[in-house]
Amino acid sequence: MGKQGSGGKDRDRGISRRTLIIGGAASAVGVGLLARGDIARMWWQLPGVGKARTAGEVDFKGAEWVAAASANWRRADRPADYPIDLVVIHVTQGSYSSALRVFKDPWHGASAHYVVRKDGHIAQMIRELDVAFHAGNKDYNQRSIGIEHEGFVDRPQDFTAAMYAASAKLTAGICRRYGIPVDREHIIGHAEVPGTDHTDPGPHWDWDRYMRLVRAAHRRAGSAKA
């Protein structure tokens, strides 16, 4: 966790695509010159177009909805505009309650989609279709779901069995929803994001254990739907 980019802000800011569209960027370059992919990503941001939202709705059954400040994420319509192919694992470097508090603070400049408590309780703070400022890398933010875990990177006792199990089930569900391969190329730590200065989840996060749990949860979910 922590504030991202220069000045403590995530490198995912600047003029919004809505501003560019409404301000006439498309007409400046000519619609005929826009790639089909660009048009597909931008159409829904035109006035009157957008995916319906339900207040308090969660993407993971059993999660508690706790809304992050709107300044800490960017509205989107993923995966229609940006494919989701990564899950990024974070550690809060603090308590569960402190993570919720800072993500609700509009001056913090960062947030994650989910926060997992030591006892396995999960809060969802941003819808999966929206872009959270969690990775410190704009491209990775747009492609990923960010999951924070209560604790400190230098305290292995913070990573409880309940936390691993709940997080693994959450990650397995995300992988199933978006067709993400269950491997370490697509489920990564914050430290593995290009350009980051973060070290989480740190040396005490048991990746072998975690990936076994994710794969098992992924298989169970597939069997339940068969």
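Grab the beta carbon distance between residue 185 and residue 71, set R0 = 35 Å, and tell me the FRET efficiency rounded to 0.05.
In this case the efficiency is close to 0.65.
The solvent-accessible area of residue 73, taken with every protein chain present and a 1.4 Å probe, is close to 60 Å².
Using a basic spin-label model with each label point 7 Å from the Cα along Cα→Cβ, how many nm lie between residue 209 and residue 105? The modelled label-to-label distance comes out at 3.1 nm. Extension gain, residue 121 to residue 85: 0.36 nm times the residue separation minus the Cα-Cα distance gives 10.5 nm. The label-point distance for residue 216 and residue 98, in a model that sets each label 7 Å from Cα toward Cβ, rounds to 3.2 nm.
Could you tell me what percent of the DSSP beta bridges with both partners in the stretch 79-190 are antiparallel, to the nearest 5? About 30 percent, rounded to the nearest 5. For the stretch 61-203, the alpha-carbon radius of gyration amounts to 0.94 times the rule-of-thumb value 2.2 N^0.38 Å expected for a compact globular protein. Approximating the spin labels as points 7 Å out from Cα along Cα→Cβ, the residue 64-to-residue 52 distance works out to 2.9 nm.
The values are calculated or read from the model by the stated rules, or taken from the named source; none is laboratory data. None of these values were measured; they are calculated from a predicted model. Quick reminder, even Gly has a Cβ in these numbers, built from the backbone with ideal geometry, and neighbours come from all protein chains shown. Accessible surface is based on the protein model in full, side chains and every heavy atom, while ligands, DNA and RNA are left aside. Shrake-Rupley method; radii C 1.70, N 1.55, O 1.52, S 1.80 Å.
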